[in-house]
Amino acid sequence: MTAPSLEYHRIGIRRPHPLPRGLDAVTHVLFGAWQRRAARYARLMRDAETVDKHNLSMQRMSDRMLREKLDAYRTRFQRGGTGREQHLPTALAAIREAAFRQVGLRPYPVQILGALAMHDGMLAEMATGEGKTLVAALVAVLAGWTHRPCHIVTVNDYLAQRDADWFRPLYRFCGLRVGCVTSTMEPVDRREAYAQQVTYTTSKELLADFLRDRLRLRRISDPQRRLIRALLAPRAAERETMVMRGLHAVVVDEADSVLVDEAVTPLIIAQRRENPVLRTACRAASVLADALVAGRDYTLETRYREVELTDAGMMAVESLAERLPPLWRGPGRRRELIEQAISARIFFLKDKNYVIQDGRVVIVDEFTGRIMPNRSWSEGLHQAIEAKEGIEITEPNETMARLSFQRFFRLFPHLCGMTGTATEAAGEFWRIYNLSVVTIPTHKPCIRRLEPEKVFHTADEKWRAIVDEIQNLHAQQRPVLVGTRNVAASERLAAQLDAAGLEYNLLNAVRHKEEARIIAEAGLHGKITIATNMAGRGTDIKLAGEVARIGGLHVIATERNESKRIDRQLFGRAARQGDPGSARGFVSLEDELFQRFTHAPVSRSLTALHARNPRQSYKSVLLAMDRAQRSAERLAFRMRRSVLGADTWLDESLSFSEDPGS
């Protein structure tokens, strides 16, 4: 029989504090700045030096003695209490030695510094290639010793499985079991994986399992009532068995991607609901949208991706309203339907926002470039896109539960993470998650060379220049990694390289099966690799023997992204771990970022100036690009705040996230 305390830990939820407002928000920001003070960093450095001093004594121990010492620390950490922190330096030194003996990796002092920062509930900014995966394992051992659930969140199933298998010997030596949850697993296997002290998974799987568990609880969420029900109706209780064993500690790898980029869209658990009327309406609306003309019948707000029918457009739709099912003939409903159909045509593009696979619309993650086969757009948008593409229209989904990633990760009592690019979003990490960002120095000096950005009038000129640069570097046998924003751009460049007679590896949402191998080979002599934003995060690019002598890996960004962080992530692929390398960005006045986030008068003026004198306009164009990026970042932040605000409103109205034990 399960103890009430264990049942409470399994189903109890920590209610996050509301986000501060007004003067409270100002005070909160000032406190965050104080949290990032130099004195705290100095304390972490002293602790890291203390760990390093124990290195020699740990090396002298036999495996049996080291295991006994680890078992003693595990017992102390499991008992809890304030005294356990005094054993932290020696415990971490023992884990460090165990890592070397079990997986052949001895953490550098800077990795120990990162582990201490994360154990302290901070977000560690560690440069690409500095061994963040090993740091996560060190932190997870400490968290696993508390005998409470520890989840390590990675960006995809491959990395979750790889890292769990990679560090299983270390966890076993430290007296812990490790599990892995991937998208293809059945509930019984998920329950087994979550039963381990440390579980690797992705943010989407973790949140989806949490929501499914809340649905399984139904109205009986009090731990003692559930125990009574288990005694009186064991079969009913068995049907409500949860797969997770609660929320406690979470280590987020690539935290900027998980906590910021993916936080724009809430995760929704839904089930198919037959709606033949909506399917008919979407087909009719798609035909009607084809007959409307931009500027005359509707206006576009490209920055916010909004469509608005004009008076002429409303009259045109009214004259054709008899083609719609009766339910959708009312002025408000037909307007909503037609604007959705136009939006699907203008703002949601094939090979950019989605791809067609096996006759189905499959969403492409805008920030990672990965396909999301089990997800769909809500409120009829998915059906509108299917109607536009002329494929079978699927049944719409009925929402069963929803939650934003921001609110979900704020439910964890202990949240920490790591990423190569956190500084730009340090304010948001603190305001939303109470996460202080600490920058960890590199083990070896970074010698990356950033070449001046190149500006072109048209996209065609830009792509020709990119091919020329690739050809010149390939002639030197230097490896080149080219980053593109979407599938269409990667396929366009691939076609141009084919025409130039150059061999390459192509990695995008459609051709993703060999991602790790392709990225791992990107540092070989003369290798040309084209990759969308996924760029093999988490996979090390090692240079071939003589590549370092001729300059190392060269990274090309084919256009700016909507966040400087993503540009930095791409450039961070070059010059890892003290290797040489270089990077260059290419932009044009026809790029989406410039067109969407630059005011029309400024855009026209700069375009005219650049046509007359490209050199004179160079700095002005780059300044406008910087402003466009900041505008895009502000818009994305407002969208994330609105998603979090909607969750908060639902919480207050429906008490969805109330502490079930209260």
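Here, each number is a calculation from the coordinates, and none is a lab measurement. Just so we're clear, the structure is a prediction, and the values are computed from it rather than from any experiment. Positions of Cβ are backbone-derived with ideal geometry, glycine not excepted, and every protein chain shown enters the neighbour counts.
Electrostatic bookkeeping for residue 74 treats Lys and Arg as +1 and Asp and Glu as -1; over the other residues with beta carbon under 11 Å from its beta carbon, the sum is +3.
Among 573, 191, 296, rank each residue by its count of other Cβ atoms within 10 Å, from fewest to most, as a rough exposure measure.
Numbers: 573 27, 191 18, 296 11.
By the 10 Å Cβ count, ascending: 296, 191, 573.
The packing ranking, built from the mean of other Cβ atoms within 10 Å per residue, places the peptides 446-455, 333-342 in the order 333-342, 446-455, highest first. Each of 545, 442, 476 was scored by the projection of its Cα onto the charge dipole of segment 441-556, and the greatest displacement toward the positive side belongs to 442; charges sit on the C-beta of Lys, Arg, Asp and Glu.
Given +1 at the Cβ of Lys and Arg, -1 at the Cβ of Asp and Glu and no other charges, the dipole of segment 447-588 around its Cα centre is 460 debye to the nearest 20.
In plain terms, if you count all Cα to Cα distances in segment 359-398 and split them into 5 Å steps from zero, the share in each step is 6, 25, 29, 26, 12, 3 percent. The coefficient of translational diffusion for segment 382-464, derived via Stokes-Einstein from the alpha carbon Kirkwood radius under 10 °C and 1.306 mPa s, stands at 84 µm²/s.
Net charge in the neighbourhood of residue 551 (other residues with Cβ under 9 Å of its Cβ; Lys, Arg +1, Asp, Glu -1) is +3. Just so you know, the Rg over Rh for segment 274-395 is 0.97, from Cα atoms, with Rh as the Kirkwood radius. Values of log10 I(q)/I(0) for segment 27-149 across q = 0.10, 0.18, 0.19, 0.23 Å⁻¹ run -0.32, -0.99, -1.09, -1.48, by the Debye formula with one identical scatterer at each alpha carbon and no solvent.
Exposure proxy ranking for 172, 279, 402, 64, based on other Cβ atoms within 10 angstrom of each Cβ and starting from the fewest, stands as 64, 172, 402, 279.
Remark: C-alpha extents of segment 337-475 on the principal axes read 55, 52, 27 Å, sorted largest to smallest. Once you order the gyration tensor axes a ≥ b ≥ c over the Cα atoms, which shape class does segment 70-112 get: rounded for a/c under 1.5, otherwise prolate or oblate by comparing a/b with b/c? Oblate is the answer for segment 70-112, as a/c is 1.5 or above yet b/c matches or exceeds a/b.
For segment 598-651, rounded, prolate or oblate, judged on the Cα gyration tensor with a ≥ b ≥ c (square roots of eigenvalues), a/c < 1.5 rounded, else prolate if a/b > b/c? Walk me through the numbers before you get to the answer.
On the way: a/c = 8.61, a/b = 3.87, b/c = 2.23.
It comes out prolate by the Cα gyration axes.
Starting from a Cα-only point model with no solvent, please compute log10 I(q)/I(0) by Debye for segment 447-588 at q = 0.19 1/Å. Log10 I(q)/I(0), no solvent term: -1.12.
If packing is taken as the average count of other Cβ atoms within 10 Å, what order do 410-416, 352-358 fall into, highest mean first? Don't skip to the answer; put the middle values down first.
Values: 410-416: 18.6, 352-358: 15.4.
Result, highest mean Cβ count within 10 Å first: 410-416, 352-358.
Antiparallel beta bridges, as assigned by DSSP with both residues in the chain, represent about 25 percent of the total such bridges.
Computed over the chain, relative contact order equals 16 percent, with contacts defined as Cα pairs under 8 Å that lie 6+ residues apart.
Across segment 274-395, the mean sequence separation of Cα contacts (distance under 8 Å, 6 or more residues apart), normalised by length, yields a relative contact order of 27 percent. Inverting the pair-averaged 1/r between distinct Cα atoms of the chain gives 27.2 Å as its Kirkwood hydrodynamic radius.
Among 304, 298, the order by Cβ neighbours within 10 angstrom, fewest to most, reads 304, 298. Of the two radii for segment 241-321, the radius of gyration is 1.21 times the Kirkwood radius, both from the alpha carbons; that is the Rg over Rh value.
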